[in-house]
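The values are calculated or read from the model by the stated rules, or taken from the named source; none is laboratory data. Given the structure is predicted, the values throughout are model-derived calculations rather than measurements. Ideal geometry is used to build each Cβ from the backbone, glycine not excepted, and the neighbour counts take in all protein chains shown. Just so you know, the surface numbers come from the protein's heavy atoms only, side chains and all, with ligands and any DNA or RNA stripped out. Shrake-Rupley method; radii C 1.70, N 1.55, O 1.52, S 1.80 Å.
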Amino acid sequence: MEQFLVVFKHEYTMFLKNKIFMVMSIIGIVGALILTSIPRFASMFDLGGDSNGSRDTVVLVDNTGNGQSIKTMMEDAMGHIEVFVGNFSQVELENKIRDGEYSSGFIIDSINHYSYIVESQELYDSKNMVMQEILKVQYQNYLMLESGLSAAQAANVLSATVTNDVVEIGVDQAQNFLFTYIMIMFLYVVIMIYGQLIATNVASEKTSRAMEMLITCAKPRSLMFGKIFASGCAGLTQLMTIICAAYGGYLLNREYLIEGSFMEIFNVSVSTLIFGVVFFLLGYFLYAFLYGAIGSTVSKIEDISPAVMPVTFLFIIGFMITIMGTSSGDVNSTLVFISSFIPFFAPMAMLARIGMSVVPPYQIAITIVILLLTIVLIGYMATKIYRLGVMHYGNRMKLKDIFKALRD
Amino acid sequence: MEFQIENLHKSFGSKKVLQGVDLHVVSGEALGLLGRNGAGKTTIIRIILDLFGSDQGRIMIDGKDIGRDKIKIGYLPEERGLYPKKKIDEQLVYFGMLKGMSKKAALKSIDYYLDRLDMNCYKSAKLETLSKGNQQKIQLIVALLNDPDIVILDEPFSGLDPVTAQLLKEIVIELIDDNKIVIFSSHQMNYIEEFCNNIAILNNGRIVLDGKIDEIKRSYPRNRIKIKTANNEEIIGKLGFPAAISGQNIIVELENEIQTTDLLKELASLDIVLESFNVIEPTLNDVFVEYTKEGI
């Protein structure tokens, strides 16, 4: 225990003094401040936008005689837009748009067909959608009048709507989606970065041959556990610093925040938050031991990347399954369900299920037990591999070498 | 204190590395562990350090199984290296604390050894800025920091300049005088001869020869005599024994040791200036080669 503390303290201070660690922290802090300041910048930008009067200019060539009413509806539906009703041929209109005189144009040929002319369509071009909706209603109205309905009857049909109430007894997926997504992303990034750091750290001790001395001064278990707990704590320190920066940014920019938008991320239940931390830690230790063990099997820094590849792949597969599950909204699909009991995928998959659906407590308990058992097993094996690996120099150990050595 | 290894066996896979090794050293003595590359020296050391277990055999202190919590072992590995980017004093304190010392005790010991090894000026330098020999001194400090009962030095002299080697020699002699058990592993036979009362030659995982160096040498026939006179050419014809000139000397081949006196008498009867007269003993090198030339 004493040795563990000595290693822990040493490794922890090493982390804090590490340049990469510092740069990562600074980027995190700056990023958090910028993100929380976006509403302030956005409001400044909005003010500038209005005074400049940079409006979208759209030409409407109408052959159906409804030009003026379409223009009004269009301008009402959209904010920064100016509609000019004109009479051009398609070629003339194309030239005007190409020259930049107008940003886009509509040619309405008949009541149920129009052409939209634009330089290049944006990913979400709302003008076209609005136009389509306006003309659709007009066409429906026309068809109803044709079939003998009165104007009032037609208006009635068109304005008919259904009201509804949502009674939610489980978890609000939409609200928790962002939180779950952020937690999983965070878990992914932290494990990826710290896993690699641990592997590199162990391997560099081997490269510098400090290991030969270390292993004779301290027990492999103290060295391995000290290192992994230290990097875990360094990670948490970094995380807390960034969260503090984000909170500071929030306080500074509070007045610009639109009520019910930004801070809603944190508006999740306490239990979800606690499970988030629990699965975060379980996932971290599981992968940290794996990365640590792998780091001890290589003796050259350049051998690390190929050696950690299998573990990284395993991790990415788990991440992909979870992200696909959360994105599709179906976090209880067979794939995610099974994954939430497979130790290497479980931290992320179970977190997604808890965040976005109602998971029976016994299932959460099973996953936690499975994870704890796996961590103990992997921790035990990792220490053994570490013990063997640190004395193995030369070519990196293949999986079969490791098993062979473990048997001996 | 008596350190003893009994019937040590160790295999890696199907390869038998150690096949029944026995060793014996007592306090205030140094043992030279000799063997060609791959003979199993490092494996023995690693088993002593408990880096891995043996398949069979015992390691004992005063007839009882070694208690690793009670016995402090200092080890200087053959592969040199510590943290290159850390300051000397910082990493020495770290290693001292890993060995269970308090920070204060570690600092005191560090100051003593830095001073003893003439390294005080490097106290807060980064390791990587030191020369190879100086880095080795730092590593020696790690091995000796916590006043170990048993000191194991793996090739301690390789890469040291004569002055540093002399300094290290003095420290080793101090350790021996201080009643420590010192185990040397080296290929530099002259150093082994200088410090070690006992040697053990390891070949193919077995101890092929062990004992006191003097006795081992004495066990060889002492029938070759090296003499040096003012005029070798003239003398050689007058001798009643087969002789040949070798460099500055005459080597005389006797039939047995008893004839040594006859040769001396004969030389005395000749009216010559005798500069030296030596019974040729095998060097440790000769002994080593003889016992280990059979392949590994």
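Points to keep in mind about this one:
- For the stretch A:1-137, the relative contact order is 20 percent, taking Cα pairs closer than 8 Å that sit 6 or more residues apart in sequence and dividing their mean separation by the residue count.
- Amide H contacts of B:I183 (H built 1.01 Å from N, under 5 Å, at least 5 apart or other chain): B:L31, B:V151, B:I152, B:L153
- Portion, in percent, of the accessible area of the stretch B:99-218 that falls on carbon or sulfur, probe 1.4 Å: 47
- Its relative contact order, with pairs defined as Cα atoms under 8 Å and 6+ residues apart, puts the stretch A:56-155 at 27 percent.
- Over chain A, Cα pairs under 8 Å with separation of 6+ residues give a relative contact order of 21 percent.
- Distance from the stretch B:236-296 to the stretch A:197-230 (C-alpha centre basis), Å: 56
- Heavy-atom accessible surface of A:C244, to the nearest 10 Å², is about 90 Å², with a 1.4 Å probe and all protein chains retained.
- Remark: chain B carries 48 Å² of accessible area per residue (probe radius 1.4 Å; ligands, DNA and RNA excluded).
- Here is the interface size for A with B: some 2200 Å² of accessible area buried, both sides summed, with a 1.4 Å probe.
- Residue-averaged beta-carbon neighbours from other chains (10 angstrom radius) around B:137-143: 2
- Percent accessible area from carbon and sulfur atoms, chain A, protein chains only, probe 1.4 Å: 65
- Inter-chain Cβ neighbour average for residues A:211-224, partner chain, 10 Å: 6
- Mean accessible surface per residue for chain A, computed with a 1.4 Å probe while every protein chain stays in place, in Å²: 54
- Between 0 and 90°, nearest 10: helix A:90-99 axis offset from chain A longest Cα axis: 50
- In terms of packing, defined here as the mean over residues of other Cβ atoms within 10 angstrom, the peptides A:134-146, B:66-78, A:153-165, B:229-241 line up highest first as B:66-78, A:134-146, B:229-241, A:153-165.
- Across the stretch A:16-28, rounded Karplus estimates of 3J(HN,Hα) from the backbone phi angles (6.51 cos²θ - 1.76 cosθ + 1.60, θ = phi - 60°) give 5, 8, 5, 5, 4, 4, 4, 4, 4, 5, 4, 4, x Hz, Gly and Pro being marked x.
- The antiparallel fraction among DSSP beta bridges confined to chain A stands at about 35%.
- When only alpha carbons are used to place a centre, the stretch A:304-342 and the stretch B:83-118 end up 47 Å from one another.
- 0 to 90° range, to nearest 10: angle between helix A:304-328 axis and chain A longest Cα axis: 40
- Shape of the stretch A:280-377, Cα gyration tensor, a/c cut at 1.5: oblate
- Computed from Cα atoms, the angle from the helix B:162-177 axis to the main principal axis of chain B rounds to 80 degrees.
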